[in-house]
Amino acid sequence: MESTLTDEDWKTCFAQLGPALLLFARRWTNSRADAEDIVQDAFVRFWRRQHSIENRALLYATVRSTALDRLRSDQRRARREAAVALDGAKHWEPQFTTLDEGQQMLAAAVERLPDEQQEVVVLKIWNDLTFAEIAQILAISPNTAASRYRYALSALKKAMQPYE
Amino acid sequence: MNDFSELETELRELQPAPVSDELFARLECALAQSDPTPTAGFLPRTAQRRNIWWSLGLGLTAASALVFIGLTFFAEPPRTQPAVVQKTPAPFGPGTSGFLPSALTQVVYRQRDEGLVFSPNQSERLLRRVRYQTRETMQWRNPQTGASLRVSYPAEQVVLTPVSFQ
C-alpha cells in the first residue's frame, strides 16, 4: 500500500495506463464515452483506496467489476448494445491510432476476435500482464488464459496472411 | 510462442487511442472532491444481500406452511369429532399423513461470476463474488393414496470467496 500519493502521481500513472485501460473497458461497451465513464469510476475508486499502482491486476479487476456493475444497473442499454453488436456494428469508434494500411488491417482483425480472446490479448499486449495476473482478473486458470492468447494470435496470423 | 514474436511486435506497435483531455479534467474533478461514500456501487451491497436471504427465508417459511397445509389437507379427515386430530397427536410426518419424502432437487440454472469485490467488513480484503440462481423442489408422496405434494421455489445465493494476489 502506498499512502503518499500526490496529485501529480495520478496524472503520471493515468497518462501511462489510461489508453490501455480504455481499450480494456471497451470490451463491455461499444461507446467510447461509456468506456471513459467506466475507467473514470474504476480509477477513482482504485486511487482513493491508495492501492499500489504496481498492482495493475487489481486495477484491471476494478475496471472489470465496474463495467459489470454498470451493465447490471442498466440492463436495457446493455440489451440495446448487444443487439447493435449482433448487427455487426461493433466498435464503430476506432480503438487504435493506426498509421498505415497494414496496421489498420491488424486493428480490424483484433476487433473481430471473440471477446474472450480479445480481452486476453488486450491485457497481455497493451498492458504487459502475466498469464497468472490475467487469470486472476478474468477468473480463469493461467492455462486457459495462455490458450486463449495462442488461439487469438493464430487467428490474427491467419487473418493477416493474405496481406503479407 | 516464438512463432508469434513478429506478430506480437506488430501488435505492440498499434497504439490504443489516447485519453481525451475531457476525461483527465473529469478525473481531476472527481479526485479533488471528498468521497462521502467511497465504496458505493463497488462493494457488495450488504442490504441487497440481506434482502436475498430474507427472500430465501420467507420462501422457506411459505414452503413449510404449504407443506403443513398440504399434510393437514391430505390427512384422514376426522369424521365424527373434529377434535380427534388434537387428541391423538402423532409424530409429525408419515405417521399421520401417510406422506413420505420422495424427491428433493436443487437445479442451478444460472451461475454468474461477478468478479472481485472488497469485503464490506475488512475493506482491504478481496473477495470473489459468485451468484447462483437455483430452483429447489421438494416432493412428498402418499404410497397408499397415490397423492403427491410438490413445493418448488426459486432461490438465489451469493457466495463470497477470499482471494489473494501474488
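The values are calculated or read from the model by the stated rules, or taken from the named source; none is laboratory data. These numbers come from a predicted model, not from an experiment. Cβ sites come from the backbone with ideal geometry, for glycine too, and all protein chains shown count toward neighbours. Heads up: the accessible areas ignore ligands, DNA and RNA and are worked out on the full protein's heavy atoms, side chains in. Shrake-Rupley method; radii C 1.70, N 1.55, O 1.52, S 1.80 Å.
As an exercise: evaluate residue B:164 against (1) modelled with pLDDT of 85 or more; (2) out of contact with any helix residue (DSSP H, G or I) (no Cβ under 8 Å at 6 or more places or on another chain) and give the number of the one condition it does not meet.
(1)
When residues of segment A:139-164 are filtered for being touching a Lys or Arg at 6+ places or on another chain (Cβ under 9 Å), within 17 Å of residue B:113 (Cβ to Cβ) and more than 9 Å from every other protein chain (Cβ to nearest Cβ), how many remain?
2
State yes or no: is residue B:158 assigned to a strand (DSSP E or B) and more than 27 Å from residue B:98 (Cα to Cα)?
Details: assigned to a strand (DSSP E or B): yes; more than 27 Å from residue B:98 (Cα to Cα): yes.
Answer is yes for this residue.
Please specify each residue of segment B:101-127 satisfying the condition of being assigned to a strand (DSSP E or B), open to solvent by 30 Å² or more (accessible area, probe 1.4 Å) and not hydroxyl-bearing (Ser, Thr, Tyr).
If the condition is that a residue be assigned to a strand (DSSP E or B), open to solvent by 30 Å² or more (accessible area, probe 1.4 Å) and not hydroxyl-bearing (Ser, Thr, Tyr), then B:101, B:103, B:104, B:106, B:107, B:108, B:110, B:111, B:112, B:113 are the ones that fit.
Filter segment A:24-55 for residues that are surrounded by fewer than 21 Cβ atoms within 10 Å (Cβ to Cβ) and within 19 Å of residue A:139 (Cβ to Cβ); which is nearest to the other protein chains (Cβ to nearest Cβ)?
If we take residues in segment A:24-55 being surrounded by fewer than 21 Cβ atoms within 10 Å (Cβ to Cβ) and within 19 Å of residue A:139 (Cβ to Cβ), then A:55 is nearest to the other protein chains (Cβ to nearest Cβ).
Could you look through segment A:102-118, keep only residues that are without any contact (Cβ under 8 Å) to a residue 24 or more places away in the chain and farther than 20 Å from residue A:138 by Cβ, and pick out the one that is most open to solvent (accessible area, probe 1.4 Å)?
A:104
Scan segment B:50-73 and give yes if some residue there is touching a Gly at 6+ places or on another chain (Cβ under 8 Å), β-branched (Val, Ile, Thr) and modelled with pLDDT of 80 or more, otherwise no. Can you show your working first?
If we filter segment B:50-73 for residues that are touching a Gly at 6+ places or on another chain (Cβ under 8 Å), which is where we start, we get none.
There is no residue in segment B:50-73 that is touching a Gly at 6+ places or on another chain (Cβ under 8 Å), β-branched (Val, Ile, Thr) and modelled with pLDDT of 80 or more.
Quick one: in segment B:149-161, of everything that is open to solvent by 60 Å² or more (accessible area, probe 1.4 Å) and more than 13 Å from chain A (Cβ to nearest Cβ), which residue is nearest to residue B:109 (Cα to Cα)?
The residue in question is B:154.
Which residue pairs have Cβ atoms under 6 Å apart, sit 6 or more places apart or on different chains, and have a first residue in segment A:133-158 that is on the phi > 0 side of the Ramachandran plot and a second that is outside any loop (DSSP other than H, G, I, E, B) and at pLDDT below 90?
Within 6 Å, the pairs are A:139/B:113.
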